[in-house]
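Presented below is the structure to which this report refers.
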Amino acid sequence: MKKVYCDISATTPISNDVAKLMFNIQRDVFGNPSSIHKYGQESHAIIEKARIQVATALGCHQEEIIFTGCGSESNNIAIKGAIESNCHIISSSYEHPSVMNVLKSLEQNGHSITLIKPDETGRINPKSIQEKITKKTKLISIMFANNELGSINDIKKISEITKSQGIIFHVDAVQCIGKIPIDLNELGIDLMSISAHKFYGPKGIGALFIRKGIDLNPILDGGGQELNLRPGTENIAGIAGLGLAIKESCEHIEKNIKHIKNLETRFIEQLNNYKINYILHIKDRLPGVLAIAFPKIDGQSLLIALDLKGIAISFGSACSSGTTKASQILLDANISEDLAISTLRISFGKIHCNDDIDYVAKELSEIINRIEK
Ligand code: PLP
């Protein structure tokens, strides 16, 4: 049976060259990067090369990048590290749990939190943020693009507000690397989280951009690795894998975006040809990420029927899957409960070809016709 993985937003397969590089490093390089001898230096050099690759891809200085255990850890280090006692934080109602649950626990510890809901375009309106700022606002944390909707926030506009008010701005950009160009030189972001497994790198490795001049309090105690913010002997192969993956993703970003947009157009054309009734929720979104409703069809049943045909997609995001309820993110974006229950997230990437798209559209139409009958 043909298999088509269309859940790129949940995670990506690892690139061949990244896997090869990591295998070679695991086999050949084992020195502790903190050791002074040549073994240590060799490991240290691999880490610093990856740091340069990340900085080059994102338009920042290499000293502004630390490596972490994953995107969730980057979010924790950034948010918990940036705040002072009893401060006010503004964020959105549709952040990933690694932001949302940090905010919940901070609220229990006396901080005040304001969460802003997305508008009907799936974006957080910068004006709504501005209106909620108080003298106690220390941090604003808004995701670059939403993992369920694919909607992209106006990060530049928000950063103009945070800059003018001297507020620290954290951005969860985990969904964006390799999908939209990001130039930290141009954006007034202070802290930005990324995760390698979303851009064809390995799982269990992330990075955090910390703009020069921003001081974070460590949330973990240990050795002095990664600017004293992420203690522990470094995951050398993972870091090298992240470095190569971000280089591959960002060097070819324009070509990849064009390819993915062509696939998207082909998919939509096929849905129209098959006369499938669908609603694409968000217009301006990450390339390849479709939050798409098939009215009157139960999303979970559709997911299972597609899985039986070798096609992998999501109902909600990966971290909320397993639930049969309508996604709160969709409801917050003013999507009715009926439509939310019929909404799937289909995400295409650079690994796909026209044949994959044709197969998904054909199977989708057959399944929907069967269910409707
Ligand atoms: N932030 C967003 C927007 C995500 O989509 C994810 C993963 O799904 C994360 C953070 C967490 O990343 P990681 O799985 O590396 O912890």
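The values are calculated or read from the model by the stated rules, or taken from the named source; none is laboratory data. The structure presented is a predicted model; accordingly, all values stated were derived computationally and were not measured. Glycine also receives a Cβ, built like all others from the backbone with ideal geometry; neighbour counts cover every protein chain displayed.
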Q: Could you list, in sequence order, all residues of the stretch 172-188 that are within 14 Å of G59 (Cβ to Cβ) and within 16 Å of the ligand (Cβ to nearest atom)?
A: A173, C176, I177, I180, I182
Q: Being buried (at least 24 other Cβ atoms within 10 Å of the Cβ) and hydroxyl-bearing (S, T, Y) is the filter here, so list the residues in the stretch 142-161 that pass it.
A: S151
Q. Considering the stretch 33-91 alone, what residues qualify as being more than 24 Å from G201 (Cα to Cα), touching a residue at least 60 places away in the same chain (Cβ under 8 Å) and not aliphatic (A, V, I, L, M)?
A. S34, K80, G81
(Q) Tell me which strands (runs of 3 or more DSSP E) are completely within the stretch 1-118 and hold 3 or more residues being more than 21 Å from F199 (Cα to Cα) and touching a helix residue (DSSP H, G or I) at 6+ places or on another chain (Cβ under 8 Å), or say none if there are none. (A) 88-92, 112-116
Q: Please list, ordered by first then second residue, the pairs with beta carbon atoms under 9 Å, 6 or more apart or interchain, first in the stretch 134-158 and of a type in the set (D, E), second assigned to a strand (DSSP E or B).
A: E148/V289; E148/A291; E148/S314; E148/T343; E148/R345
Q) Which strands (runs of 3 or more DSSP E) does the stretch 133-208 wholly contain that include 1 or more residues that are over 28 Å from K258 (Cβ atoms) and of a type in the set (S, T, Y)? A) 137-141
Q | Test: S74 is within 22 Å of L220 (Cβ to Cβ) and away from the ligand (no atom under 16 Å from the Cβ) | A | no
Q.
Suppose the filter is surrounded by 20 or more Cβ atoms within 10 Å (Cβ to Cβ), in a helix (DSSP H, G or I) and out of contact with any Phe, Trp or Tyr (no Cβ under 6 Å at 6 or more places or on another chain); does I367 pass it?
A. yes
Q: For the stretch 15-60, enumerate the residues that are farther than 12 Å from G238 by Cα, among the aromatic types (F, W, Y) and loosely packed, with under 14 Cβ neighbours inside 10 Å.
A: F30
Q: Assess whether K117 counts as being charged (D, E, K, R) and within 19 Å of the chain's Cα centre (by Cα).
A: yes
Q: Out of N217, N256, N235, report the one residue that is polar (S, T, N, Q) and either closer than 30 Å to G166 by Cα or modelled with pLDDT under 95 (or both).
A: N217
Q: From (1) within 17 Å of T137 (Cβ to Cβ); (2) under 17 Å from the mean Cα position of the chain (by Cα); (3) without any contact (Cβ under 8 Å) to a residue 24 or more places away in the chain, pick out the condition that doesn't hold for N101.
A: (1)
Q. If you check G316, G299, which single one turns out to be under 22 Å from A145 (Cα atoms) and crowded, with 21+ Cβ neighbours inside 10 Å?
A. G316
**Q.** Failed item, numbered, when P126 is tested on (1) of a type outside the set (A, V, I, L, M); (2) more than 14 Å from the ligand (Cβ to nearest atom); (3) surrounded by fewer than 16 Cβ atoms within 10 Å (Cβ to Cβ)
**A.** (3)
